[in-house]
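Some notes on the structure that comes next.
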Amino acid sequence: MPLLVDGRRVQLPQSAGDLVRAHPLLEERARLLRGQSVQQVGPQGLLYVQQRELAVTSPKDGSISILGSDDATTCHIVVLRHTGNGATCLTHCDGTDTKAEVPLIMNSVKSFSDHAQCGRLEVHLVGGFSDDRQLSQKLTHQLLSEFDRQDDDIHLVTLCVTELNDREENENHFPIIYGIAVNVKTAEIYRASFQDRGPEEELRAARALTGGPMVSIYDAKTEQLRIGPYSWVPFPHVDFWLQQDDKQILENLSTSPLAEPPHFVEHIRTTLMFLKKYPSPTNTLFPGNKALLYKKNEDGLWEKVPSPRS
């Protein structure tokens, strides 16, 4: 079944720019999204999704009302929603294995669906820019192609990626939108940034930096965030990288050095220090090789819950 825009089959391969020019409604939606001011999203009711993570829930969720992610430069943030039951997935894709990730996104939302139910699947793609290495362009093409290959009709509602999310300053290119949030109850998608990226921000970042695959981090039935258990091999030359100056870290450990947010180097340093401290996490960070579980408390903030005894 095809990827559809305004009920019409999308003709692929097309660049993001060609696609919106063929569908003026897409162009208008991208323009409106770019024109928004960035909202600071507080931690109450928020589930923050890091790179190569996926989270899905529905309006019935008593703990989570907002899914969000930011710090996307060449990465894309994908929101897939079923209009019938409101099941909503948000994920932060970096192009590692798009072929495997899109079916994961699809299945996460379809697991909520009663197939007799009215409604349709709608997808929103945001992120990337006109980067020198054309990584954004490649990821846009991969995502559109993979969604087009799925068995279900998928309606492309928002496309604000790559050249549609690009601004130029002194001959350098930057993304316009780095982060978005989706309100699970109202389906509103808006530009956002987040102070709170937890819980276990460093542990989750370490998993992504060591090359872990896309993982689902939330169980909507129990309304619990589940982290791990993860394993990784010691990060190569961690001491060498920790001795490098900011410029070296930026140039070697970023896909787009000029476009990174100001806290990028500090974030990488913190993650590297975490990997130095925990070269092999299985028993130290996950006692008994069990997941770390978190649930929102009455104030809407994450609180650790004991792992069930087996």
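In the range 3-303, what percent of the accessible surface is made up of carbon and sulfur (1.4 Å probe, ligands and nucleic acids excluded)?
48 percent
Where both residues lie in the chain, what percent of DSSP beta bridges are antiparallel, nearest 5?
Percent antiparallel among DSSP bridges in the chain is about 70.
In whole angstrom, how far apart do the alpha carbon centroids of the range 227-299 and the range 1-45 sit?
The range 227-299 and the range 1-45 have Cα centres separated by 32 Å.
Are any of the pairs LYS60/LYS276; LYS110/LYS295; LYS110/LYS290; LYS185/LYS247 more than 32 Å apart by Cα-Cα distance, and if so, which?
Among LYS60/LYS276; LYS110/LYS295; LYS110/LYS290; LYS185/LYS247, the Cα-Cα distance tops 32 Å for LYS60/LYS276; LYS185/LYS247.
Per residue, how much accessible surface does the chain expose to a 1.4 Å probe? Answer in Å², no decimals.
47 Å²
Once you have the Cα-Cα distance between LEU32 and SER254, take 0.36 nm times their residue separation minus that, and quote the gain in nm to one decimal.
Length gained between LEU32 and SER254: 77.0 nm.
At 1.4 Å probe size, with no ligands or nucleic acids counted, give the accessible surface of ASP97 in Å², nearest ten.
Answer for ASP97: close to 70 Å² accessible.
Helix-only mean residue ellipticity at 222 nm, the chain, DSSP H runs n ≥ 4 weighted -39,500 (n - 2.57), per residue, nearest 500. What is it?
Mean residue ellipticity, 222 nm, calculated: -8500 deg cm²/dmol.
Could you compute the net charge surrounding VAL182? Neighbours are other residues with a C-beta less than 15 Å from the C-beta of VAL182; K and R count +1, D and E count -1.
With Lys, Arg at +1 and Asp, Glu at -1, the net is -1.
Evaluated at 4 °C with a viscosity of 1.567 mPa s, what Stokes-Einstein diffusion coefficient in µm²/s does the range 151-267 have when Rh comes from the Kirkwood expression over alpha-carbon pairs?
73 µm²/s
The values are calculated or read from the model by the stated rules, or taken from the named source; none is laboratory data. Fair warning: this is a prediction, and the values are worked out from it, not measured in the lab. Reconstructed Cβ throughout: ideal geometry from the backbone, glycine too, with neighbour counts over all protein chains shown. What goes into the accessible areas is simple: the full protein's heavy atoms, side chains included, and nothing from ligands, DNA or RNA. Shrake-Rupley method; radii C 1.70, N 1.55, O 1.52, S 1.80 Å.
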